[in-house]
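**Student:** Quick one: the structure is below, and I'll ask about it shortly.
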Amino acid sequence: MTKLSAAIGRIQPSATMAMSGRVTELKAKGIDVIGLSAGEPDFDTPDFVKDAAIKAIRDGETNYTPVDGTMALKEAIVAKFARDNDLTYTPKQVSVNSGGKQSLFNALVATLDPGDEVIIPAPYWVSYPDIVNFAGGTPVTIGAGAEQNYKITPEQLEAAITPKTKWLILNSPSNPTGAAYSADELKALGAVILPHQNMMVMTDDMYEHIWYADFPFTTIAQVCPELYDRTLTVNGCSKAYAMTGWRIGYAGGPEWLIGAMRKLQSQSTSNPCSISQAAAVAALNGPQDFLVERNTAFEKRRDLVVSMINDTPGLSCPTPEGAFYVYPDASGLMGKTTPKGAVIESDEDLITYFLDEAQVAAVHGAAFGLSPAFRISYATSEEILTEACTRIQRACAALT
């Protein structure tokens, strides 16, 4: 008799975290591996955010807080939604969680029953389908390849909707591709969703402020106000403010859903870290000008990596509009043979070859639901990126 639940059997470990762990192991052995698998900025948390956390500790803000966030943080989130997204929420419509992943997890576990379907554009962040599976729902993926800039069309969305559809998950800018939807593209998707009264939208805006497109960032509840009561707008402090380890995510949505998420959180983690919440208040309310400087650095890195990848025979890479990832199409390398005689039959074979022969760690496309491809994070220095891409070019040139 098995001792594990059926629910835990429906999920797999995170592929991105597994590769990051592998990089750590190799570095500990003294191997000169370049890790391009981690999904976090290489910049430090701003000093004014750190100072707020230190002050909170010294002021004794070390006790339990309300389950889904302090009033000070909820008010800062309400102000952020109004300032950045033209969205009006009240504190009762805001949930604060231990990272954006918990926001998604709480919402899906609180709403899904067996048979409920969740539409997930692919490539997708690795956790989306696993969380749906854990909650007992059914992931329904829509493939959007490089030829359509990794974005789904209204026609694809309409074809995927059934009477069982409960959610659409949208991630813009995307992890793993960096692709971003314009206001017009979001409106077109919203027009498809609107007649389906039982369908909701979960929009993951975690990379909102890491943006290079020539059109402004928008989120679906902003451009499709008719969907406001059916949208959960998810965001957090991890990426924009380089606060991945602080674990603060948040979401705005209808009171009934936020209440259900609070109920679930009260019986799981309870409140997010009180010190991290104080730091998040400072991050959201404080100066935002440093974001422009960091984006300029990210954009230069993006251009460097896209150029070098597109100069590599067998690889092709669209130019992302945001985030800090590229997602090269590797179909031109499938079927080729390594110098040791192994055949590259999948993108997992390819990234294993890169790791073993070039000492560069990336994440294979199958983990994100669209192959053959791989994800590179360019959240590191231009010097390191140049060396990594040079190694990839040499490894690819050695294939026959």
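**Student:** Counting only other residues whose beta carbon sits under 11 Å from that of residue 152, what net charge do I get with K and R as +1, D and E as -1? Walk me through the intermediate numbers first.
**Tutor:** On the way: positive: 151; negative: 155, 158, 185.
With Lys, Arg at +1 and Asp, Glu at -1, the neighbours total -2.
**Student:** Find the Rg to Rh ratio for the stretch 194-299, where Rh is the Kirkwood radius over alpha-carbon pairs and Rg uses the same atoms.
**Tutor:** Numbers: Rg = 15.8 Å, Rh = 15.7 Å.
Value, to two decimals: 1.01.
**Student:** Greater than 28 Å separation of Cα atoms is the criterion. Which listed pairs, 29/300; 27/340; 55/80; 92/239, meet it?
**Tutor:** Numbers: 29/300 32 Å; 27/340 24 Å; 55/80 22 Å; 92/239 25 Å.
Violating the 28 Å limit, Cα to Cα: 29/300.
**Student:** Next up: Could you run the Karplus curve 6.51 cos²θ - 1.76 cosθ + 1.60 with θ = phi - 60° over the stretch 320-332 and give me ³J(HN,Hα) per residue in whole Hz, x for Gly and Pro?
**Tutor:** Using θ = phi - 60°, the values come out as x, 8, x, 6, 9, 10, 10, 9, x, 7, 10, 4, x Hz.
**Student:** Modelled label-to-label distance, residue 292 and residue 397, 7 Å Cα→beta-carbon offset: nm?
**Tutor:** Rounded to a tenth, the inter-label distance reads 4.1 nm.
**Student:** Let me ask something additional. Calculate how large, on average over all directions, the projected area of the Cα convex hull of the stretch 123-230 is; give the answer in nm² to one decimal. Mind showing how you got there, number by number?
**Tutor:** Working: hull surface 27.0 nm².
If you wrap the Cα atoms of the stretch 123-230 in a convex hull and average its projections, you get 6.8 nm².
**Student:** Turning to a different aspect of this structure: Any chance you could give the angle, 0 to 90 degrees and rounded to 10, that helix 71-85 forms with the longest Cα principal axis of the chain?
**Tutor:** Helix 71-85 sits at roughly 60 degrees to that axis.
**Student:** Go ahead and set up a Gaussian network model of the chain, Cα springs under 10 Å, then flag whichever of 196, 209, 364 fluctuates most.
**Tutor:** 196
**Student:** Solvent-accessible area per residue for the chain at a 1.4 Å probe radius, Å²? Don't skip to the answer; put the middle values down first.
**Tutor:** On the way: 16480 Å² over 400 residues.
Per residue, the chain has 41 Å² of solvent-accessible surface.
**Student:** Starting from the amide H of residue 363, placed 1.01 Å from N in the peptide plane, find each other amide H under 5 Å away whose residue is 5 or more places distant or on another chain.
**Tutor:** For residue 363, whose amide H was placed from the backbone, the distant partners under 5 Å are 375.
**Student:** So what's the angle, to the nearest 10 degrees on a 0 to 90 scale, between helix 255-266 and the longest Cα principal axis of the chain?
**Tutor:** Approximately 70 degrees, to the nearest 10.
**Student:** I would also like to ask the following. Give the relative contact order (percent, whole number) for the stretch 207-246; include only Cα pairs under 8 Å separated by 6+ residues.
**Tutor:** Details: 21 pairs, mean separation 14.7, N = 40.
After rounding, I find 37 percent.
**Student:** So which residue, out of 50, 166, 29, gets the largest mean-square fluctuation from a GNM of the chain using Cα contacts under 10 Å as springs?
**Tutor:** Answer for the Gaussian network model of the chain: 29.
**Student:** Name the long-range amide H neighbours of residue 142: under 5 Å, sequence gap of 5 or more, or other chain; modelled H, no Pro or chain starts.
**Tutor:** HN-HN under 5 Å from residue 142: 120, 122.
**Student:** Kirkwood Rh, the stretch 61-102, all Cα pairs: how many Å? Display every interim value, and only then the final one.
**Tutor:** Details: mean 1/r = 0.0908 Å⁻¹.
The answer is 11.0 Å.
**Student:** Rounded to whole Å and sorted largest first, what semi-axes of the equivalent ellipsoid does the C-alpha gyration tensor of the chain yield via the square root of 5 times each eigenvalue?
**Tutor:** Values: eigenvalues 225, 129, 89 Å².
Square roots of five times the eigenvalues give 34, 25, 21 Å.
**Student:** Would you calculate, for the chain, the mean residue ellipticity at 222 nm contributed by helices, counting each DSSP H stretch of 4 or more residues as -39,500 (n - 2.57) and dividing by all residues, to the nearest 500?
**Tutor:** Working: 14 runs with 155 residues, N = 400.
So the calculated ellipticity at 222 nm is -12000 deg cm²/dmol.
**Student:** For the chain, with a Gaussian network of springs between Cα atoms less than 10 Å apart, report the residue from 349, 289, 86 with the top mean-square fluctuation.
**Tutor:** 289
**Student:** At most 10 other Cβ atoms within 10 Å and a DSSP loop assignment: could you name the chymotrypsin sites (Phe, Trp or Tyr not before Pro) in the stretch 1-77 that fit? Each step should come with its number before you reach the end.
**Tutor:** Numbers: sites: 43, 48, 64; in loops: 43, 64.
Passing sites in the stretch 1-77 are 64.
**Student:** Still on this structure: Apply the Karplus curve 6.51 cos²θ - 1.76 cosθ + 1.60, θ = phi - 60°, to the phi angles in the stretch 64-69 and return the couplings in whole Hz, x for Gly and Pro.
**Tutor:** Ordered by residue, 3J(HN,Hα) equals 4, 10, x, 3, 10, x Hz.
**Student:** Of the heavy-atom accessible surface of the stretch 129-260 (probe 1.4 angstrom), what whole percent is carbon and sulfur?
**Tutor:** Details: 2370 of 4380 Å².
Exposed carbon and sulfur together represent 54 percent of the surface.
**Student:** What nm value, rounded to one decimal, do you get for the distance between residue 25 and residue 50 when each label is placed 7 Å out toward the C-beta?
**Tutor:** 3.2 nm
**Student:** Against the longest alpha carbon principal axis of the chain, how many degrees, from 0 to 90 and to the nearest 10, is the axis of helix 15-28 turned?
**Tutor:** Computed tilt is about 60 degrees.
**Student:** Starting from the amide H of residue 201, placed 1.01 Å from N in the peptide plane, find each other amide H under 5 Å away whose residue is 5 or more places distant or on another chain.
**Tutor:** 168, 231, 232
**Student:** Also: Could you tell me the distance between the Cα centroids of the stretch 255-311 and the stretch 1-61, to the nearest Å?
**Tutor:** Using only Cα atoms, the two centres lie 14 Å from each other.
**Student:** Here's a follow-up. In whole Hz and in residue order, list the ³J(HN,Hα) couplings for the stretch 202-214 that follow from phi through the Karplus curve 6.51 cos²θ - 1.76 cosθ + 1.60, θ = phi - 60°; x for Gly and Pro.
**Tutor:** With coefficients 6.51, -1.76 and 1.60, one gets 10, 10, 9, 9, 4, 9, 3, 8, 9, 9, 10, 5, 8 Hz.
**Student:** Note down the nm distance, to one decimal, between modelled labels 7 Å out along Cα→Cβ at residue 191 and at residue 71.
**Tutor:** Distance between label points: 4.5 nm.
The values are calculated or read from the model by the stated rules, or taken from the named source; none is laboratory data. No experiment lies behind these values; they were computed from the predicted model shown. Virtual Cβ from ideal backbone geometry, glycine too; neighbours counted across all protein chains shown. All accessible areas refer to the heavy atoms of the entire protein, side chains included, with ligands and DNA or RNA removed. Shrake-Rupley method; radii C 1.70, N 1.55, O 1.52, S 1.80 Å.
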